[in-house]
Amino acid sequence: MPANLPPQYYEVERQLKTADSNEEKIAIYEELLSMIPKHKGTEKVQAMLKTKMAKLKSAAQKKSGPSKQGPSHTIKKAGAGQIVIIGAPNAGKSMLVKALTNADPQVSDYPFTTHAPSPAMMPYENIQVQLIDTPPITPDYMEVYHQELVKTADGVIILIDPTAADPAGTLQALMGRLQEKRIEFIGPQEEPGRGFLFRKKTLMVVNKSDLPAGNLDALKKMIEPQFESIPVSASTGEGLPDLKERIFALLDIVRAHSKAPGKKAGLEASYTLKKGSKVLDMARIVHKDFTQKLKFARIWGKGKYRGQKVNRDYVLQDEDVIELHI
Ligand SMILES: Nc1nc2c(ncn2[C@@H]2O[C@H](COP(=O)(O)OP(=O)(O)O)[C@@H](O)[C@H]2O)c(=O)[nH]1
Ligand SMILES: [Mg+2]
């Protein structure tokens, strides 16, 4: 039986030739598989795609050992989430990282002062978020690691210098370069995902609010209404508390604390989980046996609950304290 694949299939298949990494290829194979009509005539093609994908996945796993394929372009995640900061030269990326973390990256008027991506931890209330400072992206300069970092991060900050000659044009060029690599920037409320396109939640941060800027109408028009423009000053600190809250919100996580029955409050072990996680998901990470053994939980939330009994399907809210009963 002939496979009769849709024409779009061949279009997507062509992208395999220009993919820069195994990870991208895997995403393309996933997309191809989803496009194939499922019937007897396509069984061979489906099997072939699955085999290729499995090979790439095992190669990707081996890569985490001593690498034969050059340096890895991703940075090991730490803390409750990873945010990559990208932007044009002198936007203030390094200064912003310095202001938000305890790191001390080199800041200067010279473009390309930052030579390699570097991570630093931002304290936020009772958690830490990993920020990655990166070398600049310009219309004629972007490294492979830029796209890799954006594709693997949990969220993106595009940092804009409103005092530059053409902030709207600069932003358009930067987004264009990454869109060519199949990255789609989306607002904090949109649904992220990793199919053929890498849909990444993004904050548009306009730095240097302490300086007079020219006419920003063109820039606003590019940003809104999909994104909000968030004004900050990395040098005076203006807008940074608000930015930190938005970074936390962008991660789509909840904090939950596990309290042993009978123990006093304040001795909880803390966890971060994806928004929408249930009591059962928490039980699973507290102890693998708890998935089976969990009978019910008691919960203390922000003023709402006082040890109320809930079942394993209860959806965790940020800062819930949970007593797991087995
Ligand atoms: N006035 C002002 N200058 C800033 C601000 N943020 C960064 N700068 C300056 O902009 C220049 C470039 O900063 P840097 O952090 O090295 O930019 P990067 O290339 O994006 O990492 C430096 O001279 C900083 O002092 C800000 O919020 N206000
Ligand atoms: Mg820098």
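The values are calculated or read from the model by the stated rules, or taken from the named source; none is laboratory data. In this text, all values refer to a predicted model and were calculated from it rather than measured experimentally. For neighbour counting, all protein chains shown are included, and Cβ atoms are generated from backbone atoms with ideal geometry for every residue, glycine included. Accessible surface is based on the protein model in full, side chains and every heavy atom, while ligands, DNA and RNA are left aside. Shrake-Rupley method; radii C 1.70, N 1.55, O 1.52, S 1.80 Å.
Here are the numbers for this structure:
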{"item": "Looking only at region 132-150, and only at residues there that are within 22 Å of F248 (Cα to Cα) and among the β-branched types (V, I, T), the one that is farthest from ligand 2 (Cβ to nearest atom)", "result": "V150"}
{"item": "Test set (1) within 16 Å of ligand 1 (Cβ to nearest atom); (2) open to solvent by 20 Å² or more (accessible area, probe 1.4 Å) - V232 fails condition number", "result": "(2)"}
{"item": "Answer from V97, V84, V129 - the residue that is more than 16 Å from ligand 2 (Cβ to nearest atom), open to solvent by less than 40 Å² (accessible area, probe 1.4 Å) and β-branched (V, I, T)", "result": "V129"}
{"item": "Cβ pairs under 8 Å, 6+ apart, first in region 105-118 and open to solvent by 50 Å² or more (accessible area, probe 1.4 Å), second more than 6 Å from ligand 1 (Cβ to nearest atom)", "result": "V107/K98; F112/P135; H115/P135; A116/P135"}
{"item": "Only one of K259, K221 that is among the basic types (K, R), modelled with pLDDT of 95 or more and either within 30 Å of N90 (Cβ to Cβ) or not assigned by TED's automatic domain parsing to the domain that holds G87 (or both)", "result": "K221"}
{"item": "Test: residue in region 200-210 that is assigned by TED's automatic domain parsing to the domain that holds P231, more than 11 Å from the chain's Cα centre (by Cα), at pLDDT below 95 and open to solvent by 60 Å² or more (accessible area, probe 1.4 Å)", "result": "no"}
{"item": "Qualifying position, being within 16 Å of ligand 2 (Cβ to nearest atom), of a type in the set (G, A, S) and in contact (Cβ under 8 Å) with a residue 40 or more places away in the chain, among A168, A164, A153, A213", "result": "A164"}
{"item": "Within region 126-142, considering residues that are more than 16 Å from the chain's Cα centre (by Cα) and touching a residue at least 12 places away in the same chain (Cβ under 8 Å), the one nearest to ligand 1 (Cβ to nearest atom)", "result": "P136"}
{"item": "Filter result (open to solvent by less than 10 Å² (accessible area, probe 1.4 Å) and not in a helix (DSSP H, G or I)) within region 235-254", "result": "V254"}
{"item": "Residue within region 185-196 that is among the aliphatic types (A, V, I, L, M) and either assigned to a strand (DSSP E or B) or surrounded by fewer than 15 Cβ atoms within 10 Å (Cβ to Cβ) (or both) present", "result": "yes"}
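Condition check ((1) closer than 30 Å to K17 by Cα; (2) modelled with pLDDT under 95) across all residues:
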| residue | (1), (2) |
| --- | --- |
| A164 | no, no |
| P167 | no, no |
| Q189 | no, yes |
| L197 | yes, yes |
| I230 | no, no |
| K264 | no, yes |
